[in-house]
Structure formats: C-alpha cells, structure tokens
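Since the structure comes first, as structure tokens, the remarks are kept for the end.
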Amino acid sequence: MPTIKVVNITPKALSGDRLLDSEPNLAVNPENPDQMVATAFTPDPMGGPLAPVYVSADGGNTWVLNSVVPGNGSLGTGDISIGFGSRGGRLYTGILNGRTGDMQILRAPNIASPTPMGVLVDRTDEDQPWVVAVSVTADGHSNDRVYVGSNDFASPANTATVDVSGDAGTGPAPAGFAPVRLDRRSGVVFDGPPVRIAAHPDGTVYIVFMSITAEAPLDRARKTFDVVVTRDDKGGVGPSPFEDLLDSADGEVGQRAVSGRKVRFNPQQRTLGQERTGADLSIAVDPTDSNSVWVAYCDNLGGAVPTDYVLHTLHSADRGQTWSTARPDVVNGKNPSFAVNSDGLVGLVYQQLTHNQWSTVLELSDDGFRTVESQVLHQAPGDVPPAGNQLPYLGDYIRMVTVGKDFYGIFAGNNTPDRANFPVGVTYQRNANFTTRQLLSTDGVTRIAPSIDPFFFHRAA
C-alpha cells in the first residue's frame, strides 16, 4: 500500500522561529531522490548577506539550512523557485533578490556546498520567477534545458515571459538564457503573476499564463482574464519558440483554455480568510503521453463575496487544442499543483478554506478523476496565527513534483503541534510538545506561539 510522510522542515536550531515562513517551493534530484531542496520566505538566522535554502540528504526526513542565495532580506529572498536538472545534480533557482528586488537566475553545481550560487541573469521590474529544468542529450553530451517563467514589466501590457537556455549547465553568465515574450495578443491590460511550465522528455514544453483583458471601471481590483496555453515542440530552443499551439478561434499564438473569467486581484488585500486571491495556476504534462496535459486555475465566478472563489481543473488530450473539465470544482480552494508520475497517475494538491479551517488535500487518480484517492495532509484554524502586516499568508503557490512513481510536495501551514491537525501523521524537527500542543524554543522550555512553517510530504508508490 502507498505510504505518505509529512515533515515540518524547520530545523531544530530554528525552534525559536516565529515568522510566517510561507510560499514554499521544492526540487528533488532525479538522479538521487534522497537529495532535496526546499525554499520559503525564510531569512538567514544570523542576518548574513546570503539567504538560505533547506537541504535534505535523506529523503526528506531531516533538513538543514544552507545560506547560499544572494540578497538576504527581512524575508530572505522575495519569490523563489528551484529545479534540478535531470542529470548532473545542478540546481537552478529563480529569485527576487531580497535586497535589490531584481529577478535573478542562479546556478549551483552542488547545493550541499557552502559556495554561494552563481548569478546568470539579473533584471529589474520582474515578478514571480518559476523554474523548470530537464536534461537532454545533444551533440554527444548532456545539456540542461532550463525554463524560468516570470512577469516582465519591461513590457507595458504583455508581460508573461519565459527565459530559456538550451545548455545552462556550465557556461558563463548568461549561460544561454534569453527572454521570450509569450502573450502576443493585442488589447491585453497585463498578464497575471503566475507563468507555469511543464516540460516533457520528448521536447514538448507547455506554458500557461493568465492574460488580463479588462478591469472594472469602478473597482480595478476586479479583473477579467483568459487562461492561455502555449506550446513548443522542440524544447523552446529553435526559431520562433512557443508558437506551435494556435488558438482555434482567432488563430493567434496560444490557445485560450477558458476566457472571460472574473477574479478579484489585489496583491495587498485579504479576500479569502487571511489570504489574498487572484493568482492561482498550475500545469502538468503526462510523462507517458505528451499529448495529455492538465491545468488548474481559480476565479471568482463574477460574485462579490469570498465564498465564490473556486478552483477549476481542465484536461486536454490533444496537445492543448481543446479542453474539458477534469474534476468537480473546489469552492474556496487555492494553491493548486498538478503532477503526473511515470505510470500516468495524476496528482493534484491544493489548499481549501472551509468553516475557517485551512486544509491541504492530496488527490490521486488513474482514470481522469472518475475515482480518486484523497488524503488530508493538514488541517488547522484559518485565523491562527494572525497574519499581521505580512502578505501572502500561506503563499501564492505550493509545489508538487514526481520522480518515477513517487510524488513529492511542499506546502505552508499553521505549525501547532496537534496530532489532530495531521490525519496521515507528521514529524517535527523543531522542538514541540504534542501532548500539550505547544511549540518550544531552542531551550526546550520557553513556549513559542504558533506561526507558519513549510511542510514537506512524500507519497511513495
């Protein structure tokens, strides 16, 4: 029978942490799945110039901090995402530098080393870099193809962008990276923050983004958007990249999977419990069939109350040309992450606010969600801890990936040590008393109020 492991990855040495360590990300080394790297809004505990990543060498059972990321700020970095190449153990990272705010693309030949990550790209006025890396054999050697989606405000409207390198592994900066503008339509106000990527070993690469087409005249937080999927059949490294999927209605680059959806998007406003809404998006491709691709997005259904925020899922069996509903909608769901394993088993993890409880739910299906294996990984009150002035609260995304048949993921949540909050079980590194349901500081005695921690999970085959 499959087993699920959940681990609070805050190290024991950080038992006094009281921060909202939210917006987590995860990478697993395909050559050595025991080696993993995680990220969150976590500053260097010593206040040094380098921000940390979490590193595990034993399959996620234990984690340590390694401060190797340029630009440590009050939250560590800004947005940060990570990805291993398929071969060679190199880790690629996209960040918003915690001191300058610049978008940077970084490379680490060995993430266990204390050597700071090398900067390959540095640009201003960007948001939410998202990294996907794969390795391919070309010209007799293995190349790391790396894709970094971002929102590039150098364009006044069509901001969805991907930086692509066909061989990012060893060359000097910029290591082949060059930006590609994805949104080609006229009349776009701007594109939403998430630009999500799914790469198949056969060279098929899908990218999904939110194209904002209108703002309400009396309430500019109310947006109208299309979910647009682009595709490249040659790894995104040839001429005219990401132009292989044309819209069936207007013939423009990028198929609109859905159009005319409504959402309240205000980065400084809490509209779902203590969390903001409006930028939830995920995509995954079946490693056994590059024609089969899955997308999740959220909208407000045009309504005016928080309970109308809805997570939708879509599936295409014809390389993104046509789309159908994948599973029933999730009311008050956000932070979806799709992944598909080597058997074609589809996984969806998301977070949902119900009766003022945030739940993190993992679903798996091998028949298009007609039947589902569902597990609640975590559930806790939505108003503990108080958000204060920090947004996001849980974060604008979580992440799940696969290596072979196994699913690996990360989410952020209330860290109260209460067994009832973890239906599948949990282990903590930081000091915690599960009998008194109390966090304890590094001395093992001083009580610590609940906060937000990153939690790793692994669903083994």
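Checking the structure you have, find out if any residue of the stretch 182-190 is touching a residue at least 24 places away in the same chain (Cβ under 8 Å), of a type in the set (Lys, Arg) and more than 28 Å from Ala339 (Cα to Cα). Please lay out each step first, then the result.
Keep residues of the stretch 182-190 that are touching a residue at least 24 places away in the same chain (Cβ under 8 Å), which gives 182-185, 187-190.
Right, trim to of a type in the set (Lys, Arg) and you get 184-185.
Retained after the next criterion (residues that are more than 28 Å from Ala339 (Cα to Cα)): 185.
Yes, the conditions are met somewhere in the stretch 182-190.
Just name the residue that is modelled with the lowest pLDDT out of those in the stretch 441-461 that are open to solvent by 60 Å² or more (accessible area, probe 1.4 Å) and among the hydrophobic types (A, V, I, L, M, F, W, C). Walk me through how you get there before you give the answer.
Filtering the stretch 441-461 for residues open to solvent by 60 Å² or more (accessible area, probe 1.4 Å) gives 442-443, 445-447, 461.
Those left that are additionally among the hydrophobic types (A, V, I, L, M, F, W, C): 445, 461.
Values: Val445: 97, Ala461: 90.
Taking the candidates together, the pick is Ala461.
What number of residues within the stretch 419-433 satisfy the criterion of being of a type outside the set (S, T, N, Q) and surrounded by fewer than 17 Cβ atoms within 10 Å (Cβ to Cβ)? Show your work before the answer.
In the first step, residues of the stretch 419-433 are kept if they are of a type outside the set (S, T, N, Q); the result is 419-420, 422-426, 428, 430, 432.
Pick out the ones that are also surrounded by fewer than 17 Cβ atoms within 10 Å (Cβ to Cβ) and you get 419-420, 423-425.
The qualifying residues number 5.
Could you check, for the stretch 379-400, whether at least one of its residues is assigned to a strand (DSSP E or B) and in contact with a Lys or Arg (Cβ under 8 Å, 6 or more places away or on another chain)? Before you say what the answer is, go through the steps one by one.
Of all residues in the stretch 379-400, those assigned to a strand (DSSP E or B) come to 379-381, 399-400.
Next, only the ones that are in contact with a Lys or Arg (Cβ under 8 Å, 6 or more places away or on another chain) stay: none.
Checked the stretch 379-400: no residue is assigned to a strand (DSSP E or B) and in contact with a Lys or Arg (Cβ under 8 Å, 6 or more places away or on another chain).
Please indicate, with yes or no, whether at least one residue in the stretch 350-360 is in contact with an Asp or Glu (Cβ under 8 Å, 6 or more places away or on another chain), of a type in the set (A, V, I, L, M), touching a residue at least 40 places away in the same chain (Cβ under 8 Å) and not in a strand (DSSP E or B).
no
For every residue, the table says whether it meets (1) touching a strand residue (DSSP E or B) at 6+ places or on another chain (Cβ under 6 Å); (2) within 24 Å of Asn29 (Cα to Cα); (3) at pLDDT below 95.
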{"position": "Gly73", "(1), (2), (3)": "no, no, no"}
{"position": "Ser81", "(1), (2), (3)": "yes, yes, no"}
{"position": "Asn151", "(1), (2), (3)": "yes, no, no"}
{"position": "Phe177", "(1), (2), (3)": "yes, yes, no"}
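If we keep just the residues of the stretch 393-421 that are of a type in the set (A, V, I, L, M, F, W, C) and under 15 Å from the mean Cα position of the chain (by Cα), which is nearest to Ser365 (Cα to Cα)?
Going through the stretch 393-421, the residues of a type in the set (A, V, I, L, M, F, W, C) turn out to be 394, 398, 400-401, 403, 407, 410-412, 420.
Checking which are under 15 Å from the mean Cα position of the chain (by Cα) leaves us with 394, 398, 400-401, 407, 410-412.
On the way: Leu394: 26, Ile398: 20, Met400: 15, Val401: 15, Phe407: 13, Ile410: 19, Phe411: 20, Ala412: 24 Å.
If we take residues in the stretch 393-421 being of a type in the set (A, V, I, L, M, F, W, C) and under 15 Å from the mean Cα position of the chain (by Cα), then Phe407 is nearest to Ser365 (Cα to Cα).
Scan the stretch 19-27 and give yes if some residue there is over 21 Å from Gln390 (Cβ atoms) and either surrounded by fewer than 19 Cβ atoms within 10 Å (Cβ to Cβ) or under 19 Å from the mean Cα position of the chain (by Cα) (or both), otherwise no.
Going residue by residue through the stretch 19-27, those that are over 21 Å from Gln390 (Cβ atoms) are 26-27.
Restricting the remaining residues to those that are either surrounded by fewer than 19 Cβ atoms within 10 Å (Cβ to Cβ) or under 19 Å from the mean Cα position of the chain (by Cα) (or both) gives 26-27.
Among the residues of the stretch 19-27, at least one is over 21 Å from Gln390 (Cβ atoms) and either surrounded by fewer than 19 Cβ atoms within 10 Å (Cβ to Cβ) or under 19 Å from the mean Cα position of the chain (by Cα) (or both), which makes the answer yes.
Which of the numbered conditions does Pro392 fail, given that it passes all the others? Conditions: (1) touching a Ser or Thr at 6+ places or on another chain (Cβ under 9 Å); (2) modelled with pLDDT of 95 or more; (3) within 30 Å of Ser74 (Cα to Cα); (4) not charged (D, E, K, R).
Unmet for Pro392, out of (1) touching a Ser or Thr at 6+ places or on another chain (Cβ under 9 Å); (2) modelled with pLDDT of 95 or more; (3) within 30 Å of Ser74 (Cα to Cα); (4) not charged (D, E, K, R): (2).
Which condition number does Thr161 fail, the rest of (1) hydroxyl-bearing (Ser, Thr, Tyr); (2) at pLDDT below 95; (3) surrounded by 18 or more Cβ atoms within 10 Å (Cβ to Cβ) being met?
Condition (2) is where Thr161 drops out.
If you scan the stretch 171-226, which residues turn out to be acidic (Asp, Glu), in a strand (DSSP E or B) and surrounded by 15 or more Cβ atoms within 10 Å (Cβ to Cβ)?
Of the stretch 171-226, the ones acidic (Asp, Glu) are 183, 191, 202, 215, 219, 226.
Retained after the next criterion (residues that are in a strand (DSSP E or B)): 191, 215, 219, 226.
Within the stretch 171-226, Asp191, Glu215, Asp226 qualify.
Does Asn291 satisfy being touching a residue at least 12 places away in the same chain (Cβ under 8 Å), surrounded by fewer than 21 Cβ atoms within 10 Å (Cβ to Cβ) and within 19 Å of Gly203 (Cα to Cα)?
Values: touching a residue at least 12 places away in the same chain (Cβ under 8 Å): yes; surrounded by fewer than 21 Cβ atoms within 10 Å (Cβ to Cβ): yes; within 19 Å of Gly203 (Cα to Cα): yes.
Yes: the conditions hold for Asn291.
Residue-wise test of (1) in a loop (DSSP other than H, G, I, E, B); (2) of a type outside the set (A, V, I, L, M); (3) closer than 19 Å to Phe190 by Cα; (4) out of contact with any strand residue (DSSP E or B) (no Cβ under 6 Å at 6 or more places or on another chain).
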| position | (1), (2), (3), (4) |
| --- | --- |
| Gly236 | yes, yes, no, no |
| Pro239 | yes, yes, no, yes |
| Asp244 | yes, yes, no, no |
| Gly251 | yes, yes, no, yes |
| Ala257 | no, no, yes, no |
| Arg261 | no, yes, yes, no |
| Pro267 | yes, yes, yes, yes |
| Arg270 | yes, yes, no, yes |
| Ala279 | yes, no, yes, no |
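May I ask you to verify whether Gln438 is open to solvent by 20 Å² or more (accessible area, probe 1.4 Å), of a type outside the set (Gly, Ala, Ser) and modelled with pLDDT under 95? Outline the logic, then answer.
On the way: open to solvent by 20 Å² or more (accessible area, probe 1.4 Å): yes; of a type outside the set (Gly, Ala, Ser): yes; modelled with pLDDT under 95: no.
So Gln438 fails the test.
The values are calculated or read from the model by the stated rules, or taken from the named source; none is laboratory data. What you see is a predicted model, and the numbers here were worked out from it, not measured in a lab. Neighbour counts are summed over all protein chains in view; Cβ atoms, including those assigned to glycine, are modelled from backbone coordinates with ideal geometry. Protein only, heavy atoms only, side chains kept; ligands, DNA and RNA dropped before computing areas. Shrake-Rupley method; radii C 1.70, N 1.55, O 1.52, S 1.80 Å.
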